[in-house]
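Visitor: Sending over a structure as structure tokens; questions will come in a sec.
Any read-out appearing in this document is the output of simple, stated calculations on the displayed coordinates, not a laboratory observation. All values reported here derive from a predicted model rather than from experimental measurement. Here the Cβ positions follow ideal geometry from the backbone for every residue, glycine too, while neighbour counts run over all protein chains shown.
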Amino acid sequence: MGDEDWEAEIITPHLSSYVPVFEKDRYSSGANGDTFSKTPASSSEMDDGPSRRDHHFMRSRFASGRSLGNRESNNDGEDNQTRNRGFSRRGGFQDGNASEASSSSRRGGKGGFRGGRGGFGLGSPNSEYEQDEGTQRTGGLFGPRRPAPSGPGNGDVYPSRSGSGRDSWKSGAEGAESEDTQGPKMTYVPPAPPEDEDSIFAHYQTGINFDKYDSILVEVSGHDVPPAVLTFEEANLCQTLTSNIAKAGYTKLTPVQKYSIPVVLAGRDLMACAQTGSGKTAAFLLPILANMMRDGITASRFRELQEPECIIVAPTRELINQIYLEARKFSFGTCVRAVVIYGGTQFGHSVRQIAQGCNVLCATPGRLMDIIGKEKIGLRQVRYLVLDEADRMLDMGFGPEMKKLISCPGMPSKEQRQTLMFSATFPEEIQRLAGEFLKPDYLFVAVGQVGGACTDVQQTVLQVGQYAKREKLVETLRSTGDERTMVFVETKKKADFIATFLCQEKISTTSIHGDREQREREQALGDFRCGKCPVLVATSVAARGLDIENVQHVINFDLPSTIDEYVHRIGRTGRCGNTGRAVSFFDPESDRHLAQPLVKILSDAQQDVPAWLEEIAFSTYVPGFSGGPRDSVFASVDTRKNYQGKSTLNTAGFSASQAPNPADDESWD
Ligand SMILES: Nc1ncnc2c1ncn2[C@@H]1O[C@H](COP(=O)(O)OP(=O)(O)OP(=O)(O)O)[C@@H](O)[C@H]1O
């Protein structure tokens, strides 16, 4: 069955999750009826990438365009590709062999498979979002809400923007933004989050391993490293902030906070790598807010053009919304006003939110560039620019847009602003790109197994062939009972397919991916958060940053194409000192390239390494894979080979010495 057919077959009525009309035979073509096969170079999807529209005043020294050729569109970004979709088709690929396995051709350019679904009346050539009824509020991100109505454009009808279903975070991203000027309007207005104090400060408990953070090694490299702070009191943040921190239930700093907060307070640029779920968001928000308060920020008032002091960008809509909620929490009771804007929502809504006042703007890249292009945001006052999931923000998908951002008229030069980058992974080539955004004397904070997996996650890798995966999935889910579980798959269509399949197996499941309307995505996340659907099938759009209470289990039904993506995915569990489990289905046919990095990740995290995996790893040559920085405790290291500064290597909680790190030399492998 072809990829397009998946799309057709999965169109089923939708309640809050799936109520599938599952006709197994129609899906079946493989030995056991499983029609999907996997390609080694999977893609994933992310959000808000570059807008299609070129702002005349923007220039980018990145390669022109968006590298669409071999990059698969990201989630929101798929929109820009959909504009080319008029000629695309669906239903033409009935041959089962052509299904997922044919992705190599699709990766080179999706056009041939791109799913204009228009023939079925389920999507327009432009975007899924135009189908959004928009004004309907689901409350998806914040809690339970009423079920989405079924029917085209609402429920499990997944109008495809790219149509290929390949999750293509590599290509242009949020063309959706440009629809605001070029295409049909998106009318979805996300629900306002609850305003009551209890909701604002709702939080989950730190886990039994929270105190173990104290023994994690931390390396800070660069010149004149400010000493770490050991307590919130020592950080000397302003009183309101301190009170908000207490209300949020934070009593103790995490290592990344201990080392990053003083760096930001001292006005330094920062690149910080720390394991998933270890509190990076507060590590940048708290000192920024403290600085803003210290500098006597004025309350912003209603104006058509707002000039925020801080801009925070993140790759996905759900993540930026989460960051916004944190910003709102910590700035509670201050005159700082945080605003969030992201794609898939009504542009006018974003404009109205901003016009009411905006000190801290949380945005996905596409919507940000559009709003700047519309002159609703001026950049002259920007003092802080934060790239969360910075490696993702600087890669080929979003990098061009970020370059445009820093080249925008009015944007203070890097000397005039503070630039902060955070991620759990930071590949060397991306660190080099980051130099253009950062002052030369930026500091690099590396916490523990950066780029490595969080040790609070128990990792299991099972050898499972493509055709046995569904059965194994059901078996695994049955054994975990009601545990909240995220199941990662490679493509959007497969996400639909697996979610439908699980529902048919009476496992309450929902899904999130870039071909779902924003309203549906928010509803899915809400249903998962509140436990109504304890299983969330997701593409890589949900791999990064999402902080959902009680996710005990991550299943990689399909392994991602890169090890960094694996690290982010499994980091959805085992957060903030809690423990979690990750089970990955390793298909030797398609995942061999991951064997070596997986062995390294597993051994670094003191996990059992299956003998069969080691064998595959030893027998597989992976170009460019050196096993990481050998003998270094840090899986990701500061790549500034020639920096003359000192480095501090400490366990969190001890004051920084200025001794060079002996591991540095090995780090340059
Ligand atoms: N000092 C602290 N005390 C208690 N809880 C904290 C503290 N710092 C952060 N948290 C909580 O820990 C959770 C994870 O934090 P956060 O989402 O910032 O992690 P992260 O490092 O950004 O993860 P990821 O790499 O997945 O994006 C959040 O629920 C946050 O509120």
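Visitor: Considering amide H positions built from the backbone, and no H for Pro or chain starts, which residues 5 or more places from Ile312, or on another chain, come under 5 Å of its amide H?
Guide: Leu361, Cys362, Ala363, Val386
Visitor: I've got another one for you. Measuring from label point to label point, each 7 Å out along Cα→Cβ, what is the Thr251 to Arg303 span in nm?
Guide: Result: 4.4 nm between the two label points.
Visitor: Here's another thing I want to ask about it. What is the Å³ per residue value for the convex hull set by the Cα atoms of region 218-331?
Guide: Taking only Cα atoms, region 218-331 has a hull volume of 129 Å³ per residue.
Visitor: Then there is this: Classify region 347-424 as rounded, prolate or oblate, taking a ≥ b ≥ c as the square roots of the eigenvalues of its Cα gyration tensor: rounded when a/c is under 1.5, otherwise prolate if a/b is larger than b/c and oblate if not.
Guide: Note, shape of region 347-424 comes out prolate.
Visitor: If R₀ is 25 angstrom, what is the calculated FRET efficiency for the pair Val474 and Asn550, using the beta carbon separation as r and rounding to 0.05?
Guide: Numbers: r = 22 Å, r/R0 = 0.86.
For Val474 and Asn550, the calculated efficiency is 0.70.
Visitor: Taking the alpha-carbon centroid of each part, what is the distance from region 306-349 to region 219-258 in angstrom?
Guide: The two parts, judged by their Cα centres, are 22 Å apart.
Visitor: If each residue of separation counts as 0.36 nm, what is the full-extension length gain between Lys185 and Glu483 once their alpha-carbon separation is subtracted? The partial results should precede the final answer.
Guide: Numbers: separation 298, 0.36 × 298 = 107.28 nm, distance 3.91 nm.
Working it through step by step, the gained length comes to 103.4 nm.
Visitor: Still on this structure, I have one more. Using modelled backbone amide H atoms (1.01 Å from N, in-plane), which distant-in-sequence or interchain residues come within less than 5 Å of His553's amide H?
Guide: The list, which skips near neighbours in sequence, is Met486, Arg581.
Visitor: If you bin every alpha carbon distance in region 253-409 into 10 Å steps from zero, what whole percent lands in each bin?
Guide: Per 10 Å bin, starting at zero, the Cα-Cα P(r) for region 253-409 comes out as 11, 43, 37, 9, 0 percent.
Visitor: Also: Could you give each residue of region 508-515 its phi-based ³J(HN,Hα) in whole Hz, using Karplus coefficients 6.51, -1.76, 1.60 with θ = phi - 60°, and x for Gly or Pro?
Guide: Once θ is set to phi - 60°, the couplings for region 508-515 become 5, 9, 10, 9, 9, 6, x, 8 Hz.
Visitor: Go ahead and run the numbers for FRET between His223 and Glu589, Cβ-Cβ distance against an R0 of 45 Å, rounding to 0.05.
Guide: Rounded to the nearest 0.05, the efficiency is 0.35.
Visitor: OK, next. What is the extension gain from Glu429 to Ser619, computed as 0.36 nm multiplied by their sequence separation minus the C-alpha to C-alpha distance, in nm to one decimal? Provide the component values of the computation, followed by the final result.
Guide: On the way: separation 190, 0.36 × 190 = 68.40 nm, distance 2.66 nm.
Here the segment from Glu429 to Ser619 would lengthen by 65.7 nm.
Visitor: A further question on this structure: If R0 is 45 Å, what FRET efficiency do you get for Lys532 and Ile208 from their C-beta distance, rounded to 0.05?
Guide: 0.95
Visitor: Using modelled amide H (1.01 Å from N, peptide plane; none on Pro or chain starts), what sits under 5 Å from the amide H of Val461, excluding residues fewer than 5 places away?
Guide: Distant-sequence amide H within range of Val461: Ser584.
Visitor: May I ask which residue of Thr491, Ile548, Thr476 lies farthest towards the positive end of the charge dipole of region 457-619, with charges of +1 (Lys, Arg) and -1 (Asp, Glu) on Cβ and the Cα centre as origin?
Guide: Ile548
Visitor: While we're looking at this one, here's another question. Please go through the residue pairs Lys494/Lys532; Lys185/Lys374; Lys280/Lys329; Lys403/Lys493; Lys374/Lys404; Lys280/Lys439 and name each one whose alpha carbons sit more than 24 Å apart in this structure.
Guide: Numbers: Lys494/Lys532 22 Å; Lys185/Lys374 15 Å; Lys280/Lys329 15 Å; Lys403/Lys493 32 Å; Lys374/Lys404 15 Å; Lys280/Lys439 21 Å.
As for pairs spanning more than 24 Å Cα to Cα, those are Lys403/Lys493.
Visitor: Over all pairs of distinct alpha carbons, what does the Kirkwood formula give as the hydrodynamic radius of region 457-619, in Å?
Guide: In region 457-619 this quantity evaluates to 15.7 Å.
Visitor: Does region 429-468 come out rounded, prolate or oblate by the C-alpha gyration tensor, with a ≥ b ≥ c the root eigenvalues, rounded set by a/c under 1.5 and, if not, prolate when a/b is larger than b/c and oblate if not?
Guide: Oblate, since a/c reaches 1.5 and b/c is not below a/b.
Visitor: What does a probe at Ala611 reach in region 573-596, counting residues whose amide N is under 11 Å from the point 7 Å along Cα→Cβ?
Guide: none
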